[in-house]
1. Between a first residue in the stretch A:237-255 that is at positive phi and a second residue that is part of a loop (DSSP other than H, G, I, E, B), which pairs have beta carbons less than 6 Å apart while being 6 or more apart in sequence or on different chains?
2. Filter the stretch A:162-181 down to the residues that are aromatic (Phe, Trp, Tyr) and within 13 Å of residue A:203 (Cα to Cα) and list them by number.
3. Which condition does residue A:259 not pass, out of (1) crowded, with 16+ Cβ neighbours inside 10 Å; (2) in contact (Cβ under 8 Å) with a residue 24 or more places away in the chain, if it passes all the others?
4. Of all residues in the stretch A:71-103, which are crowded, with 16+ Cβ neighbours inside 10 Å, assigned to a strand (DSSP E or B) and basic (Lys, Arg)?
5. With A:246, A:279, A:237 as the choices, which residue is closer than 28 Å to residue A:200 by Cα, β-branched (Val, Ile, Thr) and surrounded by fewer than 21 Cβ atoms within 10 Å (Cβ to Cβ)?
6. Is it the case that some residue within the stretch A:266-281 is touching a Pro at 6+ places or on another chain (Cβ under 7 Å) and more than 30 Å from residue A:219 (Cβ to Cβ)?
7. Looking for something surrounded by 16 or more Cβ atoms within 10 Å (Cβ to Cβ), closer than 25 Å to residue A:271 by Cβ and of a type in the set (Ser, Thr, Tyr) - is there at least one such residue anywhere in the stretch A:155-165?
8. So which of A:115, A:126 ends up being under 22 Å from the mean Cα position of the chain (by Cα) and within 29 Å of residue A:294 (Cα to Cα)?
Amino acid sequence: MGGVLAASPPAPPPGAGSSASLGLTVPPGFGTPSVSSVVPPTGETKETPRRQLEAETPLINPGAFDECHRKCKDVFPLQMDGVRVVVNKGLSNHFQVNHSLLLSTSGESSYRFGATFVGSKQTGPAEFFPVMVGDMDSSGSLNAQIIHQLTAGLRSKLAFQTQQHKFVNWQGDAEFRGKDFTATVTIGNPDVLAGSGIIVAHYLQSVTPAVALGAELVYHRRPGEEGAVTSLVGRYTGSNYVATLTVGSAGAHASYYHKASDQLQVGVELEASTRLQDTSVSFGYQLDVPKANLLFKGSVDSNWVVGATLEKKLLPLPLSLLLCSFLNHRKNKVQVGFGITVG
Amino acid sequence: MSGSNVKKGSSSRAMEWISSACRFAADKNDFRRNLLVNLGLFAAGVWVARNLSDFDLMSPQPVT
């Protein structure tokens, strides 16, 4: 556990034969003798090679701003109610359709037909553009997204959502990925005639190979009212853990993700909202046993909600079984879900 | 007799203290107190996550 560069004595300089700390040149393979009678503090000798390695390692792109808390969020189980049947069918290498039937006890039952088109412009391993994803339910409500890589560093996305014939959400965004930073601008529901809309700007910068810092600015405007909200984010990535903190005027969000082993991953989240005057803590874990084709996720939070999902592939059939259960002890409520995915 | 009364008194005081501590921690009306309690729970969760030992679910069971 802990960083790759934790507690290890500094190795003698390999081949170059120079001592960075004393400025002496020694033959290769020989260490530099200590010339001071005072023994340096242990932390100093352990920190120096770590700082040198961090200084030599080039900074990499920190990824998308929205993905900062993603690793921790993916550990937690998703709540599902009722019965869900999903059938996926690939018609070609570029085109896939899916049918989703949801029978719900709490909400409305629905049927959705979805289609996914993937283009032939390859930008990386398993990355093809443009990507068009859409689905429509039986009442004509549409969700659609178009994602395209315009240049090597510039990616754009358009998203639409309708409720029957009326457009509810429409937004476009452009994401630029530099060598060690990512900048994104999103425009949501722009209405030139009414003078309303939302603009969101994100910036995330790699400061060191382990640390990334960023900021978010949300500006919203409608007739007679406008306002802006800012928040700052910091992320520290260790060898097997990621700690992220987002602080803003609306509240704070802290997450800690830890990979204990190949099978076990753990996540802890703290959310505090100054607007709702409420805080909550969640603890979640994920057990992945590929040999048994089993994925189990469990969570418990400070609102006395305990939940779990079990996903099992029923090989050799192209079937996946999903069982889900959430218990709210405070409100004495239980939600149970059952799902089957074909294809 | 007085010894058993003293013991009963101290155990009931301990139970009272525990129940008042639980009521204090679970009170949702005070945002700052709620935040402090949840910060402590978050720190405890991080400590548990960092100290989980590596285990293999598919390892053979020990022979008894």
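1. As it stands, the answer is A:251/A:274, since those pairs meet every condition given.
2. A:176, A:181, listed by residue number.
3. (2)
4. A:84
5. A:237
6. Looking through the stretch A:266-281, none of the residues is touching a Pro at 6+ places or on another chain (Cβ under 7 Å) and more than 30 Å from residue A:219 (Cβ to Cβ).
7. Checking the stretch A:155-165: not a single residue is surrounded by 16 or more Cβ atoms within 10 Å (Cβ to Cβ), closer than 25 Å to residue A:271 by Cβ and of a type in the set (Ser, Thr, Tyr).
8. Of A:115, A:126, the one residue that is under 22 Å from the mean Cα position of the chain (by Cα) and within 29 Å of residue A:294 (Cα to Cα) is A:126.
The values are calculated or read from the model by the stated rules, or taken from the named source; none is laboratory data. Treat the numbers as computed from the prediction; the structure is a model and nothing was measured. Cβ sites come from the backbone with ideal geometry, for glycine too, and all protein chains shown count toward neighbours.
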